[in-house]
Structure formats: structure tokens, C-alpha cells
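Following: one structure in C-alpha cells, then a few remarks.
The values are calculated or read from the model by the stated rules, or taken from the named source; none is laboratory data. Since this is a predicted model, take the numbers as computed values, not measurements. Cβ placement follows ideal geometry from the backbone for every residue including glycine, while neighbour counts extend to all protein chains displayed. Areas reflect the complete protein model, heavy atoms only, side chains present, ligands, DNA and RNA absent. Shrake-Rupley method; radii C 1.70, N 1.55, O 1.52, S 1.80 Å.
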Amino acid sequence: MKGRGVKLSIGSTVFRNRVFLASGPAGYGTEYADFIRLDRLGGVVTKTITLRPRAGNLGRRLWETNAGLLNSIGLENVGAKAFFAEKLSALAAAGGRPVVSLGAEDWDDYCGLLDAASACTAADVFEINLSCPNVERGGMAVGSDCGLLGKYVRRAVETLEGKTIIAKLTPNVSDVAALAAAAAEAGAHALTAINTVVGAELCPGLRAPVFRRVRAGLSGPAILPVALDAVWKIARAVDIPVIGAGGISSVEDAEKFFAAGASAVQVGTAIFYDPGLPERIAAALAKKGVPGVIGAKSQSREG
Ligand SMILES: Cc1cc2nc3c(=O)[nH]c(=O)nc-3n(C[C@H](O)[C@H](O)[C@H](O)COP(=O)(O)O)c2cc1C
């Protein structure tokens, strides 16, 4: 298969390569600056930022499974004001190319957050998180409805005119391709697939669920096939770049996403135990080229 170039263009942005840190595990990015050469990656997606600070969910937040990790963080973050004033510049100073993840519980908060984001000239690439399974309102509830998803994406494209908008999709739906099409139709420049897969776990001894909210988000190797299936379907349903995420724990896993139709990849859970992986993937792509898409009529679909 003929390889694609390593550089990546999405909207008005050119990224130095096609490997990103996924939203969440790396926090605001700076937490990993001592372990990962951030300047060797295409970008760092920050943990999701909300209009106001959030304390996150009560009780246990992480639980390892045989082949993955369940989390119930609940979008803990410092809020837009502190993020745009302090965290964003710190990430850029550490060499990371920021991609700011945005999330909201309701429409009014969402519009306020977009206004705050548009006022920050230093932020020019946004990933709209319409897929979090760990909050009562917003998140996955919005991202599961084509009409609502389109409305939220359209608002981001309008308010953040001239900036690059990526919509992040949930796999916890019956037709992820339809949601992808709705986001593309609303003007998203790219799509990220997938966020975590909803799951539950019971404490040893079966006395109670592990998590207070019972349900949590599964990530890591267990979800790789789910993510590949989603990317395969989405890449054949839309003409905008797809960024594959979910269960990448080796260079070969990343190559599978490109072959399935992704234009870039994100690494999340694996950085907890293998922080060198994103850089190794970037180095392998630079050396071997980016794998072409299986079954693609041409390799011209860039992104
Ligand atoms: C601890 C943790 C926190 C996460 N926080 C966020 C978040 O704030 N926003 C978001 O869009 N995704 C979040 N995610 C989901 C990841 O970005 C990613 O979509 C998912 O974990 C699948 O990739 P992985 O298997 O490589 O981790 C989080 C995942 C984990 C494990």
C-alpha cells in the first residue's frame, strides 16, 4: 500500500504529524512533559474543559479490568477561565501543540464556553466532546442524537469561525456512521472516534457496584476492535478526516487504524504504563510512511 505523508492538515491547521495524546489520561498535557517529548507529537488533546470548574465524580474513579480500564472521572477540571489564563500557555511552553477539548452540561453553558474559547486567541483547535459517558447531562446524551449533535457542532463552527473544529463521537449508539454524517454535515472539520465504551463492574464479594454511578467508561486494549469497527464505518460514511482512538497499545495497533481509514490516531490509556508509545508510533510513521487505506479507490483523501 502506498503511504500518505506524515504531516496532517485539518481545517486551517497543519499538524507536524498524525499522533496525538487523547483527551484525559494526560491531563492538561504538562503532567507528562517529563516523560513524553510533546514536541514530537502532532498534538496534545487536553482533558475536557467546561465553562465552570468541576470537582468530578465522588467515590472510586478508576478500576482496572483484565484487558482495560474503567474510569468515572466526571470531567474534573479547572474551568474555562483558569484554563485559558494558565494551563493553555503552559502546555504550549512545554512543546505541546494544544487541541482544547470542550464539554458542557447544557446549551447555555455550552454557548458561554464557546464565547470564552473564541475570546482566547492562543487556542485555535478544538475537540468538542459530545460523548462523555460519565456525566448526568450533556456529553453522551447530546452525542447520541443526530439532531442535537448537529446543533452543537454547528454552533461551535459558527462561534469559533476560522478555527479548527473536531467532533468526538461516542461508540455507545446503534449507528455511529449516522452521527458522524450529522457532525460532518454541521461543518466539523474532522471526527475523533471513539470515546470510552460504557461498562459496569461489581466489587469482589458482589456487595456493590465499583462506581457510585454504576456505569463507567471502558478504555484500553479491550476496546480496540470496537474502535476499529467504528472508524471503518465512519471513514466510509464521511469525507472529512477521522482520528482513530481506542485501545492502541502498540505501533501495529496504530497502523490498523490507518488501514481502516483513519487519518491520525490518539493514544490514551497506554500512556499510563508506556509513555514512550506515542513517540514510537510517530517515529515508525516517519520511517515507514503512513499505511494506506484498505479498499480505498485512491490515496488522495488527505487529512
Ligand atoms: C482516565 C481517563 C480520562 C478521560 N477523560 C476524557 C476527557 O476528559 N474527555 C474526553 O473526550 N475523553 C476522555 N477520555 C477518553 C479518551 O480520550 C479516549 O477516547 C478513550 O480512553 C479511548 O482511548 P484509549 O483506549 O487509548 O484510552 C478519558 C479516558 C481515560 C482513561
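Exposed loop sites here mean trypsin sites (Lys or Arg not before Pro) with a DSSP loop assignment and at most 11 other beta-carbon atoms within 10 Å; the chain contains its longest site-free run at 3-136. Residues in region 47-61 carry Karplus couplings, in order, of 4, 5, 9, 10, 4, 9, x, 10, 7, x, 7, 7, x, 5, 10 Hz; the curve used is 6.51 cos²θ - 1.76 cosθ + 1.60 with θ = phi - 60°, and Gly or Pro positions show x.
Largest accessible area first, the residues 197, 231 order themselves as 197, 231 under a 1.4 Å probe with ligands, DNA and RNA left out.
Loop-located chymotrypsin sites (Phe, Trp or Tyr not before Pro) in region 1-53 (DSSP state other than H, G, I, E, B) with a sparse environment of at most 14 neighbouring Cβ atoms within 10 Å: 35. Modelled spin labels at residue 14 and residue 34, positioned 7 Å past Cα toward Cβ, are 3.6 nm from each other.
Comparing 209, 291, 221 in a Gaussian network model of the chain (Cα springs below 10 Å), the most mobile by mean-square fluctuation is 209. Solvent-accessible area assigned to carbon and sulfur over the chain amounts to 53 percent, based on a 1.4 Å probe. Here region 176-261 yields Rg over Rh of 1.10, to two decimals, using C-alpha coordinates and the Kirkwood radius.
Below 8 Å between Cα atoms, with a sequence gap of 6+, how large is the relative contact order for region 8-288 in percent? Reported relative contact order: 20 percent. Here each label is just a point 7 Å from Cα along the line to Cβ, and for residue 288 and residue 106 those points are 5.0 nm apart.
Stretching the chain fully between residue 273 and residue 58 yields a gain of 74.9 nm (0.36 nm per residue, less the alpha carbon separation). Every helix of 4 or more DSSP H residues in the chain counts as -39500 (n - 2.57), and over all residues that averages to -8000 deg cm²/dmol at 222 nm. Once you compute Rg and the Kirkwood Rh from C-alpha atoms, what is the Rg to Rh ratio for region 216-287? Here the Rg-to-Rh quotient is 0.97.
At a probe radius of 1.4 angstrom, the accessible area of the chain per residue rounds to 41 square angstrom.
When you filter the chymotrypsin sites (Phe, Trp or Tyr not before Pro) in region 234-303 for DSSP loop state and at most 16 other Cβ atoms inside 10 Å of their Cβ, you are left with 273. Projecting the alpha carbon convex hull of region 8-288 along each direction and taking the average yields 13.2 nm².
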